[in-house]
Amino acid sequence: MSSDDKKEARHKAAMEKQKESVDASIAAADIERGVGILLTGNGKGKTSSAFGMVLRALGYAHKIGIVQFIKGQQLSGEEIYVRDHCPEIAFYQMGTGFTWDTQDRSSDIAAARTTWEQARAMLQDPNLDLVVLDELTYMLSFDYLSEEEILDAIRNRPREQSVVVTGRGGGAGLREIMDTVSEVKDVKHAYNAGIMARRGVDY
Ligand code: ATP
Ligand code: MG
């Protein structure tokens, strides 16, 4: 056997083994319900991944709700697109009520609560297939919202509804109740090489 043939045979055997294990996992997965997903970690890719799922869900005409727990100082392409082209998506952003640099903790908390009420209503709406709670984790790390209240609302959502939470940190509670937890690792970021945030890529 030539070394190319050997490589070919090894590859074939490895692929067959992998297929067997994937097929076994697929056969073992027999629960059909919505999925809870936490996208966390310090690397880039959390919000963009959540919006990737929004695009996926749109492909099947699923009903979508999005709440962004961020102040609206920098418009993002996804916000512009959803507002202009997706009137069927329920979209709410915390917006101007919240500022990272304000010393006014009580007005931040009020804005967080108003925003959370929108999210909570979505988590109770059986018509929604996918709910995205972008940057929700900061509300927990700043202690602006009650963790128990958030965990309860996510746990008690309609069975068929999937929910995606993004943001750094988030605490053990969220990790515990979500079905899929991915941590995006910051290997390197263009910003640290002095490259400016780019329209259509970073926002
Ligand atoms: P994205 O929205 O690009 O998916 P993200 O949601 O994972 O990023 P956030 O913490 O929400 O990350 O930050 C959003 C913005 O900060 C984006 O402009 C992104 O490029 C930038 N950013 C993300 N990670 C880093 C990092 N490790 N260093 C510097 N800037 C970052
Ligand atoms: Mg983000």
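What follows draws every value from the coordinates through simple rules; no lab data is involved. None of these values were measured; they are calculated from a predicted model. Glycine gets a Cβ as well: all are built from the backbone with ideal geometry, and neighbour counts include every protein chain shown.
Brief remarks follow.
- Sorted ascending by nearby beta carbons within 10 Å, beginning with the fewest, Arg157, Arg198 become Arg198, Arg157.
- Pairs of alpha carbons in the stretch 1-83 whose separation is greater than 15 Å (percent): 76
- Using just its DSSP H runs of length 4 or more, each adding -39500 (n - 2.57), the chain gives a mean residue ellipticity at 222 nm of -14000 deg cm²/dmol after division by all residues.
- For the chain, the equivalent ellipsoid derived from the alpha-carbon gyration tensor has semi-axes of 35, 23, 17 Å in decreasing order.
- Residue order, fewest to most surrounding Cβ atoms within 10 angstrom, among Tyr191, Tyr60, Tyr144: Tyr60, Tyr191, Tyr144
- Farthest towards the positive end of the charge dipole of the stretch 34-193, among the residues Tyr81, Leu123, Leu133, is the Cα of Tyr81, using unit charges on the Cβ of Lys, Arg, Asp and Glu.
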